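Inspection log for the structure reproduced underneath, given as structure tokens.
The values are calculated or read from the model by the stated rules, or taken from the named source; none is laboratory data. Computed from a prediction, not measured in an experiment: that's the story for all the values here. All Cβ positions, even for glycine, are placed from backbone atoms using ideal geometry, and neighbour counts span all protein chains on display. Areas reflect the complete protein model, heavy atoms only, side chains present, ligands, DNA and RNA absent. Shrake-Rupley method; radii C 1.70, N 1.55, O 1.52, S 1.80 Å.
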Amino acid sequence: MTQPNVLFLVKECLSVSSLYDELEADFHARVPVVVCKEKKSGLICKVSAGNENAFQTTSYLSALVHQEPLLLPLVLGLRRWAQICQIDRPEEGGLPSYAFALMVVYFLQQRKQALLPTYLNQEVTLTLFGECVQFFACSPFQ
């Protein structure tokens, strides 16, 4: 299935869902996306297909959420605050939602009693689709 076909299918599925509204699609963007708003929280959700970088960052955040359950409500709370302050719109000079997630991750790593580990200079093993993936995390400043 091609990327446009996947996104058309996502758009079709979301259009019949009662959980989302304000459904839009931008198939001509640098990274084509389907955008919708979750009715309950009002948060914007962007879905892309074939974007390996987005997949890796989402997998990373998912692994961290499994490790520390406080991460998800803190990220959602910060994203909601950013939405109220209208600073969550990168196309208007604001920050992308991933930046808010990274802020919370950093906060949880820097506490006196860290709730999340830092992965700098150590081997990390993640399980993606049942396969173990190992890599060596190092500081970008080394």
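I need the full set of residues from region 68-97 which are in contact (Cβ under 8 Å) with a residue 12 or more places away in the chain and not in a loop (DSSP other than H, G, I, E, B), in order please.
Leu71, Leu74, Val75, Leu76, Leu78, Arg79, Arg80, Ala82, Gln83, Ser97
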- [ ] Considering every residue within region 43-57, establish whether at least one is in contact with a helix residue (DSSP H, G or I) (Cβ under 8 Å, 6 or more places away or on another chain), among the β-branched types (Val, Ile, Thr), within 19 Å of Leu7 (Cβ to Cβ) and open to solvent by 50 Å² or more (accessible area, probe 1.4 Å).
- [x] yes
- [ ] Identify the single condition in (1) open to solvent by less than 60 Å² (accessible area, probe 1.4 Å); (2) at pLDDT below 90 that Gly77 does not satisfy, given that it satisfies every other one.
- [x] (2)
Task: Where a residue in region 33-45 is assigned by the TED database to the domain that holds Tyr20 and its partner, wherever it lies, is open to solvent by less than 20 Å² (accessible area, probe 1.4 Å) and not in a loop (DSSP other than H, G, I, E, B), with Cβ under 7 Å and at least six apart - done: Val34/Leu7; Cys45/Cys36
Task: Subset tally (residues that are within 14 Å of Leu102 (Cβ to Cβ) and basic (Lys, Arg)) for region 69-89 - done: 1
